[in-house]
Structures are given as C-alpha cells and as structure tokens.
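Single-structure report; data block below.
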2 protein chains.
Amino acid sequence: MTIDLDTLTKDLLSGDRRALARAISLVENGGPQATQLVKQLYPQSGRAHLIGVTGSPGVGKSTLVDALITQMRKANLKVGVLAVDPSSPFTGGAILGDRIRMQAHTLDRSVFIRSMANRGHSGGIAMGTYDAVRMLEASGYDVVIIETVGVGQSELAIAQAADTTILVLMPGSGDDVQAIKSGIMEIGDIFVVNKGDLPGANKTATDITASLELATFSNDWRPPVITCVAETNEGVDKVWEAAKQHREFLQSSGELKTRRKSKVQAELAELVAGMARDNLKTALETPGENQKMLSQVVDHEVDPHSAAETLAKHLFGGASKQ
Amino acid sequence: MTIDLDTLTKDLLSGDRRALARAISLVENGGPQATQLVKQLYPQSGRAHLIGVTGSPGVGKSTLVDALITQMRKANLKVGVLAVDPSSPFTGGAILGDRIRMQAHTLDRSVFIRSMANRGHSGGIAMGTYDAVRMLEASGYDVVIIETVGVGQSELAIAQAADTTILVLMPGSGDDVQAIKSGIMEIGDIFVVNKGDLPGANKTATDITASLELATFSNDWRPPVITCVAETNEGVDKVWEAAKQHREFLQSSGELKTRRKSKVQAELAELVAGMARDNLKTALETPGENQKMLSQVVDHEVDPHSAAETLAKHLFGGASKQ
C-alpha cells in the first residue's frame, strides 16, 4: 500500500493524532516510505525533552510514568510515551497490562501513549524508537517518555538514547545491590526509590547515595536519589523537578549536544550495519563466489571469521582497509 | 596479554578443562586472538547436538537442564551447558542463583557449565555463544545445551541457533496463551510443560496440543508436548528421548544441513555488520567529509537516513549498488 506522504506530513505537523499513529506505525515497520517520512520531518525534530524510564519488572515504572504525566500536564506540556516492549512473546501480556493502567490519561488529547512492539526491523527495536520520537516531536510533543524494561542490551541502549534517564528501583528487591555491582549506576541521571512506603526504603536510598558518593562522574551533574510512592503521587513532583533541573544542566553545560552527538553516531552505526547486512543477504542469494564461500563454511572447510573477512572485502571494496 | 594459542589449542583438544575455560573467555571477549583460535579449531567443531532450552523466568529451565544432564550422563555423553545471561544488570543475581542449583554436577568432570555474561562484544551476545559452542565441540563435548531466558530478540536468536529447541512452559502462567498468540510456537521443536504436578497442567498441555494441530509446519516433524516434573526427574527421560528423536529426524531428513546453513548465514551477516560498524567508527573519528556529515546530522541539517546512505557509499564503494 502506498501512503500519501505529503498529506500525512501535513496532518502530522498540524497535530492530528491519527496521522501521528499512522506515522509511528510506518517508521516502526521501516522501508523506503518510512525513510522518506523521516527525511521530511527531521528538520522539525530534536526539540522535546527525552526522558528514559527504566528498571526491573514490577518496580512500578508504568505507575511512575502515569504520575509523571499528571505533573507534566499541570505545566500544560504535551506528553508522548513510547513503551518499548522487549519484543518478547512471553512478556507481551504483562506489558499490555501495564498500558491499561495508564488509562487515566486516555481521554486527554495532549497525551499520546504508544507501545512499541517491533520485531524484524533492520537494526532492531532501537531504530524504530528513534524515528518514533521524531514523529512525536514533529507533532508538537514537548516531552517524550521512553519506558523500557531493564532487561537486555537493546533496552539499555534505548534508555541511553534519552536526554535524562530515570532509574527506578524498589526497596528489598536487591536491585540496588545489583545496580551498584554492575555499573548500571552510570546510566542513571536520577535515581527513584519507588514504593517508598515499604520497609527498607530508607536503607535502599542510603545505599544508593553512599555508592554514588564513591562514584566518579564525567561531568558536574550529581544524580539525586528520590524516594516516592507513585501510586499516591507522593514525591513524584520532586522527580519531575529533578528531571527539569537535569535538562537545564544539559543545556547550560553543553552536555546536551555531546549526548545527542554520540546518539547520532550510534544510530548511524546501526543504520550502516543494517545496510551491510542487506548487502550481504543479496550477495549470498546471488550465485557466484560469495555463495560458494557460504557452502564452504557450512561444510567446515572455511571458518566464519575468515569468510566474513573475505565477504567484507568483496562488499566494502578498498574502504575496509582504512 | 598474549596467549600461546598453539598450547591452548593442544590442551583444549586433549579435553583440558582449564584450557576450555580460558578459550571460552577469550572468544567471549573477542579480538584477533579469539578469531585466530576459532580459525584453528573450526575444523573440529560442528559435531555436537545443540539443544536450546528457553522459556519465561521461573518456569524451571535450570532445573530441567539439571535433570536432562543426569539423563545424558547415563548415556555416558559429555555435556556442555552455556547459560546465556541476557546481559542485564538487574537479573544478573537471579541467574547466578540458578547456576548454583546445578551444583549436583559440579564434581562431574564430563559436565562443563558456563554462564555467558557478555556485553560489548561486537555483534552482541550471540556471536560469543556461537564460538563458545565451537570450543566445547573441539574439546569433545557430545551435547551442548544453550539455556536462555525467553526475553528479547537476541535470546530468541540464540535459541534458534540450536539444532533442537525445547520450549519450557508451566501451568497457569498464561505463557501458553501468549506463546500461541505470538507465533512463538514456531520456534519450539519440543514443548515441555514443567511443574506438571501443579493444577492446570493437563489443560496447558491440551491447549498447546490443540493449537499445534492447527499449525502448519515447514517439514515433517510434529513437536511433541511432554509434561514433566523436573524437580523429581519425573518424565524427564521422555524429554531426552524426544530430543534424540528430533536429532535423528534432522539428520535423516536433511533438515540439519538446512538449519546449519541458515545459522551460518545469520552469523556471517552479524560479523559483516560488525565490520561495517567498526569501519564507520574509524571513518567518523577521522577528520574529513564523513565527520562533517555527522555534524550536519547533529545540527538537523541532514537526516540520519540520508547520512547513512552517503556514508555507506563511501565505505562500501560501488558494491552497495548491487
């Protein structure tokens, strides 16, 4: 099906929700029309505050996001939410359940919530998410929340794609210890101890604070540790306040540009890697030397690493030598 | 540190466990020496029966693997286990706990259990796993079990890398419904309903069987649905029997070669994509046109897709046109 991209672009720029939904579906699936749409809308993107919210299943990420939306709406901001499903058939159900909890905002025309469940897109989930953020920005959304489950590399990558990453933990889960041990602390710009009414909340917050005091930072931002009860909105205003402060820090320090540059670099790397993958696919489907090489690997005459080097030479030409 | 690869190769081929452990660490981390080691040992690989065991957290995958090892040891087979950590700082602890449950076999010199917790390797977790399997095969292991948590794309990819994939479910988790809905059924060669002593086990097994009757298959294998209680070994012999039958089917039908060919294709695609990523990194670190392009994307003058196309042309030369 061919989509009328000019109409879609016009409708999306005017804030039409159906156009936005269609545009996100398009970029999620990828293809030449998706690329064309992103090209047309890219100049209108890059304006929103991108907030990543990540943490283990069950810590209350969706409840916190829900409460944060309420805060942002008080400031009359348009809020987009991209809930990134780790593409798992197993957790699909649970995540759908989470979405239902956000129903408080479904009638609010200035809130747009979307689950991303994108498999098969060249370059993985992250690519579609980058472009979906752009669609929201072009459509006038001031804040885009990217909610991910803290499992797997691609989800961490998405969290890192945000301007401000909120790491959500809960008391007594042992997450704090894990986070401290594994170096995950580094990705958090703001630490939230949710379910702060549970026993051990103070200890969890103290442990995180103590370990942050020992950490070294690449810039002048010191991640705050905020205890809240998202369920009752208690303390959520402080989380939102910290997010705004972090954004101001990013802008005044020049860090925003640094972060966005490394984000673009990562995206370009994935796009180029995807093109290499596509080139190889074509090469292996065409009878000839490359196809013979594949058979030799299958027959254990040539190892995959040597074969890949030769194939890369064929595909990349002299450039691979640089 | 430079490793004496010839000694390592010799020791590994003789079945030395320390050499095997070192070799797996080496290929997990990647690099020129790792590539060299794989090249040297590749002719000795490809012999083992690769069994993937996957399913949601908590269904008892590790317990089943433990019980399966007991079956395999009765047949005097050498068994390697690669437990693939989804690289999550959050679940790291839990998975470590699972490993501890396999202690029954730690004194058995014909069982080698290894957790793969590999971040940062170019091409992701899967690459290191492919090569780790090869190390186990070269070291004389007859069966290699790849245990993954059924969350995320890369873990599914690893499950698909196996010859025989066992999908583990449990009664009342709703996993069966999710599995049926999402098309995950297609990756299972054998379905195991574990914790078969829990209420609802029969219904779960019946539901899966019914949905398999409606499914279409690309070959003549009809996945069996086996109820077991891994904790007490009840029914685990039937799971192992089914795995052996599946392997026989793969060999007699020629399907084994087809599967291994598509596996090699996927691996080559990832290796080549990784090389493209590395090439791009070098190009963007070198002052010149490519670096200027990066700045233009950051400044929203050029969109990432157009930039990637231009960069790919620079990197791949004329070959990208094929």
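Just one of (1) more than 10 Å from every other protein chain (Cβ to nearest Cβ); (2) touching a residue at least 12 places away in the same chain (Cβ under 8 Å) fails for B:GLN291. It is (2). Within the stretch B:71-98, the set of residues being more than 14 Å from every other protein chain (Cβ to nearest Cβ), modelled with pLDDT under 95 and not in a strand (DSSP E or B) comprises just one member, B:ASP98.
Can you find a residue in the stretch A:250-270 that is facing chain B (nearest Cβ under 9 Å), acidic (Asp, Glu), in a helix (DSSP H, G or I) and more than 30 Å from B:ARG47 (Cα to Cα)? Scanning the stretch A:250-270, I find at least one residue that is facing chain B (nearest Cβ under 9 Å), acidic (Asp, Glu), in a helix (DSSP H, G or I) and more than 30 Å from B:ARG47 (Cα to Cα), so the answer is yes. A count restricted to the stretch B:206-219 and to residues that are touching a residue at least 12 places away in the same chain (Cβ under 8 Å) and in contact with a helix residue (DSSP H, G or I) (Cβ under 9 Å, 6 or more places away or on another chain) stands at 6. Mind listing whichever residues of the stretch A:64-80 are at negative phi and free of Cβ contacts under 8 Å to residues at least 40 places away in the same chain? Hits for the stretch A:64-80 are A:ARG73, A:LYS74, A:ALA75. Quick one: in the stretch A:1-51, which of the residues that are in a loop (DSSP other than H, G, I, E, B) and small (Gly, Ala, Ser) is modelled with the lowest pLDDT? Looking at residues that are in a loop (DSSP other than H, G, I, E, B) and small (Gly, Ala, Ser), I get A:GLY30.
Within the stretch B:20-59, the residues that satisfy the criterion of being free of Cβ contacts under 8 Å to residues at least 12 places away in the same chain and either surrounded by 15 or more Cβ atoms within 10 Å (Cβ to Cβ) or in contact with a Ser or Thr (Cβ under 9 Å, 6 or more places away or on another chain) (or both) are B:SER25, B:THR35, B:LYS39.
Quick grid of which residues meet (1) modelled with pLDDT under 85; (2) part of a helix (DSSP H, G or I); (3) assigned by TED's automatic domain parsing to the domain that holds B:ARG247:
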residue	(1), (2), (3)
B:ILE158	yes, yes, yes
B:VAL168	no, no, yes
B:SER173	yes, no, yes
B:VAL192	no, no, yes
B:THR206	no, yes, yes
B:PHE217	yes, no, yes
B:ILE226	no, no, yes
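Scanning the stretch B:234-248 for any residue that is under 16 Å from B:HIS49 (Cα atoms) and touching a helix residue (DSSP H, G or I) at 6+ places or on another chain (Cβ under 6 Å) turns up at least one such residue.
Of the residues B:GLU301, B:GLU309, the single one that is more than 28 Å from B:GLY30 (Cβ to Cβ), more than 7 Å from chain A (Cβ to nearest Cβ), surrounded by 13 or more Cβ atoms within 10 Å (Cβ to Cβ) and acidic (Asp, Glu) is B:GLU309.
Regarding B:VAL225, is this residue in contact with a strand residue (DSSP E or B) (Cβ under 7 Å, 6 or more places away or on another chain) and surrounded by 16 or more Cβ atoms within 10 Å (Cβ to Cβ)? So B:VAL225 fits the description; yes.
The values are calculated or read from the model by the stated rules, or taken from the named source; none is laboratory data. Only a predicted model underlies this, so the values are computations on that prediction, with no experimental measurement involved. Heads up, the Cβs are rebuilt from the backbone with ideal geometry, glycines too, and the neighbour counts pull from every protein chain shown.
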